[in-house]
Amino acid sequence: EERGVRPGEITAVTFTNQAAAEMRARLEQRLGGKRAVAAMTIGTFHAICLELLGAVPLAGPYEQRVAAAAALAELGRKGSPGAFLRAISRHKTGADGGDDPAFALYQEKLEGKLDFDDLLLETLRQWEGGQSDRRFTHLLVDEFQDIDRLQLRLLRAWRREGGTFFAIGDPDQSIYGFRGADAGCFSALGAERTVRLTENYRSTPEIL
C-alpha cells in the first residue's frame, strides 16, 4: 500500500504451516480478500522450496525412518533411527560439520527420494547456480532466531539485488539450538539497519 509493490514480488517466510495460514488470513482481511493476496508467496521454507522444485519424489517421515534403520542395520550399528535422523539433519543443515559413512548409506536407501532437508539443499543448489525470481524482490522472514545455517544460505540466495529484506526475531527466544537453529545468524545481518523493540507490552509485571 505504501510503496506500490506488486503482490507477486513479495515472499513471506515463517516456520509452521499454522503461522503461514494465520499470516495469509490476516493479509486477506487487511487487503480485501483472497484475490488481493493470491499472488504473494507465503509459507514455510519447506513449502516454498517444494513449490519452486515442482514434482520431486519426497520421502515422508516413515520412509526416512525405514531408510535410517536399514542403514544402521547394514553397518551393524546400534541406536535409534530417530537419533540417527537428527544427526543427519544437523549435518545437512550445517550445525555439525562432522561426516559419517552412514549418512551416504542412508541417502542410498532413500532410493532417489528427497528428505525434508534435501528439499532445501536442492533448492539452494539451483539458486546458488544463478537462478532468480521476482517473487523474492521483497523478502520477509518471521521468527528469524529459529533459522539454521542452511536456511540462512537459502535466504541469501533468494535475495534479489536492489530488493528489500526484512527479518524479525528475538535472539533471547531461540530455543531450537538442539535441531540446528543458530541465533548467531543475527550477526550475519550486521551491515543491515536494525530496529530494537525494547518495550514489552504483553507480559505481566511478575514475568518482567
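The values are calculated or read from the model by the stated rules, or taken from the named source; none is laboratory data. Note that the structure is a prediction, hence the values are computed from the model and not measured. All Cβ positions, glycine included, derive from the backbone under ideal geometry; neighbour counts span all protein chains shown. When the accessible area is computed, the model is the full protein with side chains, heavy atoms only, and any ligands, DNA or RNA have been set aside. Shrake-Rupley method; radii C 1.70, N 1.55, O 1.52, S 1.80 Å.
For the reader, a short list of remarks on this structure follows.
- Residue list for the range 64-84, filter: farther than 29 Å from Gly184 by Cα, in contact with a helix residue (DSSP H, G or I) (Cβ under 9 Å, 6 or more places away or on another chain) and in a helix (DSSP H, G or I): Gln64, Arg65, Val66, Ala67, Ala68, Ala69, Ala70, Ala71, Leu72, Glu74, Pro81
- Only one of the numbered conditions (1) open to solvent by 20 Å² or more (accessible area, probe 1.4 Å); (2) among the small types (Gly, Ala, Ser); (3) at pLDDT below 90 is violated by Ala102, and that is (1).
- Some residue of the range 189-196 being outside any loop (DSSP other than H, G, I, E, B) and either modelled with pLDDT of 80 or more or open to solvent by less than 40 Å² (accessible area, probe 1.4 Å) (or both): yes
- Flag for Glu108 being more than 22 Å from the chain's Cα centre (by Cα) and either open to solvent by 70 Å² or more (accessible area, probe 1.4 Å) or closer than 17 Å to Leu124 by Cβ (or both): yes
- Residues located in the range 59-95, provided they are in contact (Cβ under 8 Å) with a residue 24 or more places away in the chain and not hydrophobic (A, V, I, L, M, F, W, C): Glu63, Gln64, Glu74, Arg77, Arg86, Ser89, Arg90, Lys92, Thr93, Gly94
- Qualifying residue in the range 81-90 (condition: farther than 30 Å from Arg135 by Cα and more than 22 Å from the chain's Cα centre (by Cα)): yes
- Pairs with Cβ under 8 Å, 6+ apart, first in the range 99-122 and more than 18 Å from Leu53 (Cβ to Cβ) and of a type in the set (Val, Ile, Thr), second open to solvent by 20 Å² or more (accessible area, probe 1.4 Å) and modelled with pLDDT under 95: none
- Checking Ala47 against (1) without any contact (Cβ under 8 Å) to a residue 24 or more places away in the chain; (2) open to solvent by 40 Å² or more (accessible area, probe 1.4 Å); (3) small (Gly, Ala, Ser), the condition it does not meet: (1)
Yes or no, residue by residue, for (1) surrounded by fewer than 18 Cβ atoms within 10 Å (Cβ to Cβ); (2) under 11 Å from the mean Cα position of the chain (by Cα); (3) at pLDDT 90 or above; (4) at positive phi:
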position	(1), (2), (3), (4)
Leu120	no, yes, yes, no
Ser132	yes, no, no, no
Val141	no, yes, yes, no
Arg149	yes, yes, no, no
Leu155	no, yes, yes, no
Gly163	yes, no, no, no
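- Number of the condition not met by Ile168 [criteria: (1) aliphatic (A, V, I, L, M); (2) open to solvent by 20 Å² or more (accessible area, probe 1.4 Å); (3) under 12 Å from the mean Cα position of the chain (by Cα)]: (3)
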